[in-house]
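So the structure is just underneath, and the comments pick up after that.
Read-outs: derived from the displayed coordinates by stated rules, not from any lab. Please read all numbers here as calculations on a predicted model, not as lab measurements. Glycine also receives a Cβ, built like all others from the backbone with ideal geometry; neighbour counts cover every protein chain displayed.
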Amino acid sequence: MTYHLSRQSLLALGSSFSASSLLDGPRAVPSAGKTGMARRGLTGGALLASCLLTWDSVAAQSPSETEKIERLERQSELLQKQLNRQNDLIRELQQEVTRARKKSEKKETELAKRSEPSVNSREPEPSVNSKQEEPPPYVPTQAEIIRGTQPAISTPVAKFPGVQFSVWGYIEAATVFRNHNQVNDMLTVFNAIPYPYSPLYKEHEFHGTARQSQFSFLAEGNMDAAQKLSAYLETDFLGVGLESNYLVTNDWALRLRHGYLTYDNDNWGFHLLAGQQWSMMMPQEVGIVPRKELIPLTINANYLVGYQFTDNWQIRLVKDFDKKVWLGLSLENPATNLAPGIPDTVNGLAVNVTNTGTGGFLNGVPVTG
């Protein structure tokens, strides 16, 4: 708006100048009026043209300077953002270095404590404000739980100096349905399947129970960095007592599954097991290691047809070579089946798993179809 007004004022100035020149010319010099008028008109036109050219050049230069300033401001803002981002990255890297240094110092401290002799050594008394950090509890992976190599629930309990206790287990409400009545419980006796001419062949069988619920207890203690002692106990309720029944109270006795002690020496590659445990002939997941047996994932207590298993009292000696080759010798109790002529009971108690109990406790139990 200012530009147009200035141009109009300059035009008015030039026109007035020419008009005054025309009016004053005849009074001063009448003979040379035309020449003076033309000269003065040319001078006014030249002055007006120079003013217009000067204003146009200034107007054209001013926007370019503004754009340069704005461009520089944008560049400065981008550089500031990049600088802030680099400062954030440097701060994060410093924090990671600090955390890694703390972890390495903690591991070195733990290794130093393990290597220190425990005899005649007196540990410094902890301060009142210092708190000892405990390692997080072991959480088994989903694959280990499915394979059955690790407990589904593992909870450490009270600790004693150098000894750690853990308990785990599960509650199971299992059912079994058979097209042909075998008069069996949760475990299927595969050689007791009735033939078509048997009255049991056309009868169905159904049982539901929580007898296979398991509870386990583990105690571990490191003698030093290479030697370790452990004790393990595992129980369920698949035992049969004198008053066990499926009628009113559904009473079932607690049964010992596994109970043994182990000694491991990693420097020698030597392992000792003494107690009741799966036989060494059982297939293993890794080497010859207790609690690493490959057991079929089925609710049938007799597992699968053709799967050989036995749970015996034994003394087992194992030697491993760099955890790659394992050699073992096991002295076990071989009495797992009863030969003809051997009584089924000892002091009134059933001694084999196929015996449903003295007195035929399943007699009179209604068979559901």
Check: On full extension of the chain, what length is gained from residue 329 through residue 106, given 0.36 nm per residue of separation minus the C-alpha to C-alpha distance?
Finding: 76.2 nm
Notebook entry, point to check: Working out 0.36 nm times the residue gap between residue 226 and residue 299, then minus their Cα-Cα distance, what length gain in nm do you get to one decimal?
Noted result: 22.5 nm
Next item on the list: Measure off 7 Å from each Cα along the Cα-to-Cβ vector at residue 92 and residue 270, then give the distance between these two points in nanometres to one decimal.
Entry: 5.3 nm
Next item on the list: State, as an integer percentage, the relative contact order of the stretch 178-253 based on alpha-carbon contacts under 8 Å between residues 6 or more apart.
Entry: 22 percent
Notebook entry, point to check: Mind ordering 230-238, 258-266 by average Cβ neighbours within 10 Å, highest first?
Noted result: 230-238, 258-266
